[in-house]
Amino acid sequence: MDIHEYQAKQLFKQNGIPVPEGYLATNPLEAEFAMRRLGTEIAVVKAQVHAGGRGKGGGVKLAKTPEEAAKLAKEMIGMTLVTHQTGPEGKKVHKVYVEAGSKIVKEYYLALVLDRETAGIGFMFSTEGGMDIEEVAEKTPEKIVYISVDPTTGLQGHHIRSICFQAKLPAAEQKELTPILKNLYKMFLKYDYAMLEINPLIINDQGKMFVLDGKMNFDDNAMYRQKDIEVMRDFLEEDPREVQASKYGLSYIGLDGNIGCLVNGAGLAMATMDITKFFGGSPANFLDVGGGANQETVTNAFKILLSDSNVKGIFVNIFGGIMRCDVIANGIVAAAKELGLRIPMVVRLEGTNVEQGKEILKNSGLDLYAASDMADGAKKIVEMVKKK
Ligand code: GDP
Ligand code: MN
């Protein structure tokens with residue numbers, strides 16, 4: 001789960017990490033008041049969308065007067081912001097954050113990530129702040145310092161010194177950075193992050209360090225124990241198909257193709273997408289109904305696929321293990337009858353009770369193609385969708 005910059009900054013503030021003062025605004029008048037309240041010479045008006053690269057896309061602008069802040073908010077709210085992270089369709093801006101302007105002397109990059117290789121918490125620091133870290137990693141990888149902290153020992157003094165020395169930070173800046181690193185480490189454990197990125201982390205004209213931009217991504221599997229974080233979820237920012245799927249407890253990722261895939265197991269789902277592509281098709285989604293799916297789960301999964309107007313055909317690829325093929329077949333038939341099936345469908349079943357499953361499909365009277373294996377199924381659905 002992602003949250004907005006203004007929410008990330010609230011969390012930083014609550015956890016002892018310095019951020020500029022700022023207020024959220026959903027209309028120009030609020031933006032004007034926000035700047036009056038700040039009382040600063042310069043305010044920054046920042047579009048709140050779940051994507052980076054806003055600065056280059058026109059989503060971060062400086063205002064010299066409250067009236068100008070209102071004008072910028074008016075331009076930004078309602079606009080579709082396109083950045084290299086939003087894709088060409090962009091993201092609609094619903095609110096802006098009006099923040100006290102900072103005088104930037106230096107920009108750094110700092111991120112904490114879950115390091116799967118070492119089963120630790122990775123700290124990534126770079127003197128090349130404000131830039132895309134991917135670009136820095138490609139062109140000047142020596143400018144990125146990386147250390148992994150073992151959670152059984154926790155963040156130690158030597159870790160902090162290692163970051164500071166490798167990045168050649170002046171003593172005064174080391175003093176600023178140290179409490180920030182300590183507090184970020186505590187936050188990382190407390191809130192179950194998958195990733196936390198600050199770009200830029202700045203030194204201002206007073207020599208003070210501030211977080212100017214924060215992106216936070218939380219581990220979805222931990223949301224059950226992160227109720228305070230869960231309430232920050234903004235459904236406007238998410239793919240409606242994915243929101244619906246998560247309500248049903250399905251693992252779903254929307255893609256831009258036209259073949260809806262309904263599969264059990266993430267590995268099989270990946271293989272299904274690969275083989276569909278291999279035969280010249282393009283998947284509309286990744287959908288894993290899970291090992292414990294029942295008739296209701298299958299019906300819900302179908303609802304999502306059928307409500308997507310991009311879906312021109314459905315490829316069901318199920319391996320019955322714990323879940324039996326006859327149960328799945330019943331689910332498919334029930335869902336197709338309830339929702340009406342006006343697009344081609346290919347079903348490939350294998351595993352426990354496969355014969356009963358095939359029998360149920362055959363006797364259902366539904367117009368579907370029962371594939372003999374995965375390749376046959378993929379080839380067939382690609383053909384059928386192309387013909388339509
Ligand atoms: P992003 O483009 O989505 O990553 O948005 P950021 O919040 O990182 O803002 C983009 C850039 O705008 C930053 O890298 C800064 O260079 C600049 N910027 C943001 N806030 C301020 C500010 O208070 N003062 C100045 N001078 N520049 C700012
Ligand atoms: Mn940024």
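Bear in mind that the values in this text are calculations on the coordinates, not laboratory data. This is a predicted model, so every value here is computed, not measured. Here the Cβ is made from the backbone with ideal geometry for all residues, glycine too, and neighbour counts use every protein chain on show.
Tabulated data
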quantity	calculated
Chain lengthening between LYS56 and GLU238 when straightened (0.36 nm per residue, less Cα-Cα)	63.3 nm
Relative packing of 160-166, 316-322, 95-101, which averages over residues the other C-beta atoms within 10 Å, highest first	95-101, 316-322, 160-166
Zone residues, the stretch 302-325, relative to ARG342, backbone N less than 17 Å from point 7 Å out along Cα-to-Cβ	303-314
Computed log₁₀ I(q)/I(0) - Debye formula, equal Cα scatterers, no solvent, the chain, q 0.07, 0.08, 0.11 Å⁻¹	-0.43, -0.55, -0.89
Segments 344-355, 326-337 sorted - mean Cβ within 10 Å per residue, highest first	326-337, 344-355
Highest-first arrangement of 200-210, 296-306, 240-250, where packing means the average Cβ count within 10 Å	296-306, 200-210, 240-250
Two-site label geometry, ARG324 and ASP274: point separation in nm, points 7 Å out along Cα→Cβ	3.2 nm
At 0.890 mPa s and 25 °C, Stokes D of the stretch 141-189 from Kirkwood alpha-carbon radius, µm² per second	214 µm²/s
Candidates GLU117, GLU173, GLU89, ranked by Gaussian network fluctuation over the chain, Cα under 10 Å, top entry	GLU117
For the chain, built as a Gaussian network whose Cα springs stay under 10 Å, the top-fluctuating residue of LYS227, LYS13, LYS182	LYS227
Check: the chain dipole with +1 on Lys, Arg Cβ and -1 on Asp, Glu Cβ, in debye	460 debye
Environment charge at PRO200 (Cβ cut-off 10 Å; Lys +1, Arg +1, Asp -1, Glu -1)	-2
Mean shadow area of the stretch 155-310 over all directions, Cα convex hull, nm²	13.6 nm²
Neighbour-count ranking [beta-carbon atoms within 10 angstrom, fewest first] of THR127, THR118	THR118, THR127
Principal-axis tilt of helix 5-14 within the chain, Cα atoms, nearest 10 degrees	60 degrees
Extension gain, LYS227 back to GLU134 (0.36 nm per residue minus Cα-Cα distance, nm)	30.3 nm
Cα radius of gyration and Dmax for the stretch 94-187 (Å)	14.6, 44
Relative exposure of THR272, THR40, judged by other C-beta atoms within 10 Å (fewest first)	THR40, THR272
Under Karplus coefficients 6.51, -1.76 and 1.60, residue-wise ³J(HN,Hα) of the stretch 84-92 in Hz, glycine/proline x	5, 9, 8, x, x, 6, x, 9, 6
